[in-house]
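Structure first, commentary second.
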Amino acid sequence: MALNETEKFGVNLSASLTAKLGNTISVDTPAHKTTSARYGVYRLKAYGYSQYTHANCVKGSKKNATVYTPHRIGWAIWES
């Protein structure tokens, strides 16, 4: 391969979660407090970078990347 040729690469990621309607939750709320709740799909945020290596083993520049991925389905509850 000649040094002036360009290499191509691609990365595909996929994940899915489905939240359904009609879910219920029951919690004990202390006196003088309010409990709030939200049901849904919660995700993780990950950071990284991509970098390529030329045919002559010299590394190219790094490019930052942020990826969000589904993590769990469920309730988030909090008191105020």
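The values are calculated or read from the model by the stated rules, or taken from the named source; none is laboratory data. On a predicted model such as this, the values are computed, not experimentally measured, just so you know. Each accessible area value is taken on the protein alone, full model and side chains, heavy atoms only, with ligands, DNA and RNA left out. Shrake-Rupley method; radii C 1.70, N 1.55, O 1.52, S 1.80 Å.
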On the principal axes of its Cα set, how long, how wide and how thick is the stretch 18-75? Give whole Å, largest value first. 68, 27, 10
Backbone HN-Hα couplings from phi across the stretch 67-75 [Karplus 6.51/-1.76/1.60, Hz, Gly and Pro as x]: 10, 10, 9, x, 10, 7, 10, x, 9
Ignoring ligands, DNA and RNA, what percent of the 1.4 Å accessible area of the stretch 28-78 is carbon and sulfur? 51 percent
Accessible area expressed per residue, the stretch 31-80, with surrounding protein chains retained (probe 1.4 Å, Å²): 82 Å²
